[in-house]
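*Asks:* The following block contains the structure, expressed as C-alpha cells.
The values are calculated or read from the model by the stated rules, or taken from the named source; none is laboratory data. All figures in this text were calculated on a predicted structure; none of them were measured in a lab. Every residue, glycine among them, receives a Cβ derived from its backbone with ideal geometry; neighbour counts consider all protein chains shown. Note: accessible area is taken over every heavy atom of the protein model, side chains too, but ligands, DNA and RNA are not part of it. Shrake-Rupley method; radii C 1.70, N 1.55, O 1.52, S 1.80 Å.
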Amino acid sequence: MNTNYYAILMAGGVGSRFWPVSTSEFPKQFLDMLGSGDTLIQKTFSRLSKLIPVENIYILTNERYNNLVLEQLPIVKQSQVLLEPAMRNTAPCILYASLKIKKLNPNAVMVVAPSDHWIEDEATFSDNLKQCFDFCSNEDALMTLGIKPTFPNTGFGYIEYDKSDENPIKSVSQFREKPNYESAKSFLASGNFLWNGGIFIWSAKSILESFEKFQPQMNALFLKGYESFNTNSETTFINDNYADSENISIDYAILEKAKNVYVLPATFDWNDLGTWGSLHEKLDKDENNNAVVNATVLLKNSSSNIISTSKDKLVIIDGLEDFIVVDKDNVLLIYPKSKEQEIKGIVASLKV
C-alpha cells in the first residue's frame, strides 16, 4: 500500500435535509441509512482503506462528534480526528489538514471525500481514485471526480469540461452553480457537464501553493501554527485561531480561481444521499414504488412514497402519492417529496 496516499474524510455536516432522523446531535453520516449494517462513515472509511493506509486517513469533524467518530471507527487514533472548534465551511479545514499532512510527508497526495455518500462499485471507485493519484503525483493539478448526470438535477452543482479534450482526464472549463431546470436540461444535452460530487484529489504541494496564491490571509493564519501541528500544542493553536478564518467553501476559495483544475468522469455508481428522495432511489421498493424503512405498512392507493419509522411500527396509509412520511421520537413529518429541499429551511426555523 502506497504510504504517500492520504485521505481527508469530511464528517462535520448536520444532514438537516434528513430531519427528523438526522439531527445536530446525531447526523446522517453516523446512521445506517440503507439498513446495510454499517453507518455511512463506516462504509466510506472502509472503502478508502482499500487503497489508503488506515493511519493516513484523517477525519475532519465538529468537536461535538468526536466521541461518535471514535465509537464508530475504533481503529482510528485520536490524533487522526481533527476537530473544528467553529463551523467555517470546507476551505479552512482542508487547509488545516493539508498543512498537517505536508509536515508529516511532503510527497503526500490526498483525496478529500464526503463521509455520507453511497458508492456500490467500490473496486471501480478505487481504480478511479488510483488514476487520479497517479496524475496528481506527476502533475501540478487540482482534480475532482465528476459524476455523469443521469437526469437534469437542480440540486447539484455542475462541472463543465473542455469538449475538445479527448484525454480520459479532462481540463475543467468552469464550475456552474445549482441550475434551474431548463439550464440543467441544456447541460445534459451538451454532453460535457458532470455533477460536482465534492470528491477532490491533489498533492499537498499543489493545494498549499494554491492557498498561498488565492487565499493569502487564510494561509498566513494557519501558517502561524505550523510548528505546533502534530504536537501537543496543536489543539491550543486551533482553538485560539480557527474561528478567525473566513467561512468559505473550497470551491469558491480555490477551485473557481485556479487554472490547473482537472476532472475524471467517474465510472462507478454514486448517490450523494442528500435528501429523502435520493434515499428512496437506493432502497428496495414495492410494486407501487413505495420504499419502507423499519415500518410495517398497510398501503392502499399509494405510490412513490418513502416511509421511515421506529422498528416494527404499524403505518396505515390510503391515497398518498410521492410523499415523505417519517416518524422519529416526538416528531412526525409528512411532506411532499417535490418540496424536500425546503426541509433544511424548516429545521433552521424550528432551531432543532
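*Asks:* So if I place +1 on the C-beta of Lys and Arg and -1 on the C-beta of Asp and Glu, and nothing else carries charge, what would the dipole magnitude of the stretch 222-278 be about its Cα centre? I want it in debye, nearest 20.
*Replies:* Dipole about the Cα centre, nearest 20: 200 debye.
*Asks:* Order the peptides 120-129, 329-338 from the highest to the lowest mean number of other Cβ atoms within 10 Å of their residues.
*Replies:* 120-129, 329-338
*Asks:* I've got another one for you. Could you work out the relative contact order of the stretch 49-128? I mean the mean sequence separation of Cα pairs under 8 Å and 6+ apart, divided by the number of residues, in percent.
*Replies:* 28
*Asks:* Then there's this: Heavy-atom accessible area per residue, the chain, 1.4 Å probe: how many Å²?
*Replies:* So the chain comes to 45 Å² accessible per residue, rounded to a whole number.
*Asks:* Once you wrap a convex hull around the alpha carbon atoms of the stretch 25-83, what is its projected area averaged over all directions, in nm²?
*Replies:* So the Cα hull casts an average projection of 3.9 nm².
*Asks:* Continuing with this model, one more query. For the chain, what is the mean residue ellipticity at 222 nm derived from helices alone (per DSSP H run of n ≥ 4: -39500 (n - 2.57); sum divided by total residues; nearest 500 deg cm²/dmol)?
*Replies:* Calculated at 222 nm, the ellipticity per residue is -8500 deg cm²/dmol.
*Asks:* Measure off, as a whole percent, the carbon and sulfur share of the 1.4 Å-probe accessible area of the chain, all protein chains present.
*Replies:* Exposed carbon and sulfur together represent 47 percent of the surface.
*Asks:* Taking every alpha carbon pair in the stretch 46-112, what does the distance histogram look like in 5 angstrom bins from 0, in percent?
*Replies:* Going out from 0 Å in 5 Å bins, the stretch 46-112 shows 3, 15, 27, 25, 21, 7, 1 percent.
*Asks:* Which one of Gly197, Gly225, Gly15 has the biggest mean-square fluctuation once the chain is modelled by GNM with Cα springs under 10 Å?
*Replies:* Fluctuation is largest for Gly225.
*Asks:* Take Asp284 and Ala86, extend 7 Å from each Cα along the Cα→Cβ direction, and tell me the distance between the two endpoints in nm.
*Replies:* 4.9
*Asks:* Here's a follow-up. What order do you get for 132-144, 257-269 when each peptide is scored by the mean count of other beta carbon atoms within 10 Å, highest first?
*Replies:* 132-144, 257-269
*Asks:* Next up: Give me the Kirkwood hydrodynamic radius of the stretch 290-340 in Å, from all C-alpha pairs, to one decimal place?
*Replies:* Numbers: mean 1/r = 0.0923 Å⁻¹.
Over the stretch 290-340, the inverse of the mean reciprocal pair distance is 10.8 Å.
*Asks:* Follow-up. For the stretch 228-337, what is the charge dipole size about the Cα centre, in debye to the nearest 20, if Lys and Arg each add +1 at the Cβ and Asp and Glu each add -1 at the Cβ?
*Replies:* Values: 9 positive and 18 negative charges, 37 e Å.
It works out to roughly 180 debye.
*Asks:* To make sure I understand the rule: partners must be lysines, Cα under 22 Å from the Cα of Lys311, and not fewer than 8 residues away in the same chain. Which ones qualify?
*Replies:* Within the straight-line limit of under 22 Å, Lys311 reaches these lysines: Lys28, Lys282, Lys285, Lys300, Lys328.
*Asks:* Could you work out which residue, out of Tyr58, Tyr161, Tyr226, moves most in a Gaussian network model of the chain, that is, has the largest mean-square fluctuation with Cα springs under 10 Å?
*Replies:* Looking only at Tyr58, Tyr161, Tyr226, the biggest GNM fluctuation is shown by Tyr226.
*Asks:* Shifting gears a bit: State the dimensionless ratio Rg/Rh of the chain (Rg: radius of gyration of Cα atoms; Rh: Kirkwood radius).
*Replies:* With Rh from the inverse mean 1/r over Cα pairs, Rg/Rh is 0.97.
*Asks:* If I take every Cα pair under 8 Å that is 6 or more residues apart in the stretch 146-202, average their sequence separation and divide by the length, what percent do I get for the relative contact order? List each step's numbers first, then the result.
*Replies:* Numbers: 84 pairs, mean separation 27.9, N = 57.
Computed value for the stretch 146-202: 49 percent relative contact order.
*Asks:* Same structure again: Stretched out fully, how many nm does the piece from Lys213 to Thr3 gain, at 0.36 nm a residue minus the Cα gap?
*Replies:* Going from the current span to full extension adds 72.8 nm.
*Asks:* Also: Along each of the three principal axes of the Cα atoms of the stretch 120-223, give the extent in whole Å, ordering the values from largest to smallest.
*Replies:* That gives 44, 33, 30 Å along the principal axes, largest extent first.
*Asks:* While we're here: How large is the Kirkwood hydrodynamic radius of the stretch 71-143, counting all unique pairs of alpha carbons, in Å?
*Replies:* After inverting the mean inverse Cα-Cα distance, the result is 14.7 Å.
*Asks:* Let me ask something else about it. Express in nm, to one decimal, how much length is gained between Ser186 and Lys77 on full extension, taking 0.36 nm for each residue of separation and deducting their alpha carbon distance.
*Replies:* 34.5 nm
*Asks:* Follow-up question, since we're still on this one. In degrees from 0 to 90, rounded to the nearest 10, what is the angle of the helix 204-214 Cα long axis to the longest principal axis of the chain?
*Replies:* That helix lies at roughly 90 degrees to the long axis.
*Asks:* For the stretch 67-210, please report how many Lys pairs fall under 15 Å Cα to Cα, leaving out neighbours fewer than 8 apart on the same chain.
*Replies:* Working: Lys100/Lys205; Lys102/Lys205; Lys103/Lys205; Lys148/Lys163; Lys148/Lys170; Lys148/Lys185.
Qualifying lysine pairs in the stretch 67-210: 6.
*Asks:* Set the Förster radius R0 to 30 Å, insert the Cβ-Cβ distance between Lys163 and Asn271 as r into 1/(1 + (r/R0)^6), and round the FRET efficiency to 0.05.
*Replies:* 0.65
*Asks:* Now for a separate question. Using the Cα centre of the chain as the reference point, and only Cβ charges (+1 on K/R, -1 on D/E), how large is the resulting charge dipole? Debye, rounded to the nearest 20. Mind showing how you got there, number by number?
*Replies:* Details: 33 positive and 44 negative charges, 79 e Å.
Result for the chain is approximately 380 debye, rounded to the nearest 20.
*Asks:* Apply the Kirkwood formula to the stretch 228-352: the hydrodynamic radius equals the inverse of the mean of 1/r over all pairs of different alpha-carbon atoms; give it in Å with one decimal.
*Replies:* 18.7
*Asks:* Taking Cα atoms of the stretch 168-272, Rg/Rh with Kirkwood Rh, to two decimals? Please list the in-between numbers first.
*Replies:* Values: Rg = 17.6 Å, Rh = 16.6 Å.
Ratio value, two decimals: 1.06.
*Asks:* Relative to the first principal axis of the alpha-carbon coordinates of the chain, what is the inclination of helix 181-190, with its axis defined by its Cα atoms, in degrees from 0 to 90 and to the nearest 10?
*Replies:* Once rounded, the angle reads 60 degrees.
*Asks:* What FRET efficiency comes out for Ser338 versus Ser249 if R0 is 25 angstrom and r is the Cβ-Cβ distance? Round to the nearest 0.05. Each step should come with its number before you reach the end.
*Replies:* On the way: r = 27 Å, r/R0 = 1.08.
Efficiency, from the Cβ-Cβ distance: 0.40.
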